[in-house]
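In what follows, a single structure is set out as structure tokens and then discussed.
A short reminder: the numbers here are calculations on the coordinates, not readings from a lab. Everything quoted here is computed from the prediction, not taken from an experiment. FYI the Cβ positions are ideal-geometry reconstructions off the backbone, even for glycines, and counts take in every protein chain you see.
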Amino acid sequence: MNSEPGSQLFAGLFAALLIPYASAQEYPGRPVHIIVPSTPGGGYDVIGRLLAERLSPQLGQPFVVENRAGGGTLVGTQAVAAAAPDGYALLVGGLANMAFNPGLHKDVRYDPVRDFAPVAMVGAFTYALIGRKDLAPANLQELIGTGYLDLLVGRVDLFFDNTTTARPFIADARVKPYCTSGSASDALLADVPTAAEAGLRQLVLDSWIGLFAPAKRRRPRSSGARRRSGPRSCTRQASGPNERSAPAGRPGVR
């Protein structure tokens, strides 16, 4: 992976090596499945595939990404909640499935706190307000003054997306960025003002993506060589000189 400034999303990849969950035998002893509860191409999918790409050679077993979309991340999340707590089914989680779903649905069939054990915080990101490239308002202030008319008559011109998936479209000038939602400027879109900088001071939303396992897992013995070399090796590959690392999670801490 390259080391461009926006890669802080992935700077915490090395923490995923702290997944000693299985039995007393060396872990992993067989392929590990990373469940992505959304369709291919989105932010969760990007994270899942980067994790698999790094962890497979480091730990000597395939880390296989499975997209289990449906129900607004419910289907994949429910599958991991019901899986055996042996470390061979892991979940890519974020605000959608770990925070929003319980408040949006009557019966999600899982409890984010009770049914999952956090493995690692993989990265942090913000959102970007983007619009059609030919949308007339040039900045957020002009948009606030004129943009509602188009919305009221039924034309969808604007979209809030996470900066990871929005960035390629912005770079290709296929959409127009108005602001990002974070408390500080987003390294993925350093030239785009935050909402506060653009005059909308009440809008602040920082987000995160992490790796989760079914709860009640046990810690196995792992080889000293893997334990010593894995995190340092992944850190060197995932981090660049301008990246801001997300804090790594600690296994077994809930």
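Take peptides 29-42, 114-127, 94-107 and line them up by average Cβ neighbours within 10 Å, highest first, as a rough protection proxy. Don't skip to the answer; put the middle values down first.
Details: 29-42: 18.1, 114-127: 22.1, 94-107: 15.0.
Ranked by mean Cβ neighbours within 10 Å, highest first: 114-127, 29-42, 94-107.
I need the calculated FRET efficiency for the pair Ala82 and Leu104, taking r as the beta carbon distance and R₀ as 35 Å, to the nearest 0.05.
Numbers: r = 20 Å, r/R0 = 0.57.
That pair, Ala82 with Leu104, gives E of 0.95.
Counting only Cα atoms, the size of the range 66-150 along its three principal axes is 54, 29, 22 Å, in decreasing order. Here the range 99-137 and the range 43-77 have alpha carbon centers that stand 16 Å from each other.
Taking 45 Å as R0, compute the FRET efficiency from the Cβ-Cβ separation of Lys133 and Ser56 and round it to 0.05. Computed FRET efficiency for Lys133 and Ser56 comes out at 0.70.
Note on Arg201 and Asp172: their simple-model spin labels are 3.9 nm apart, each label 7 Å out from Cα toward Cβ.
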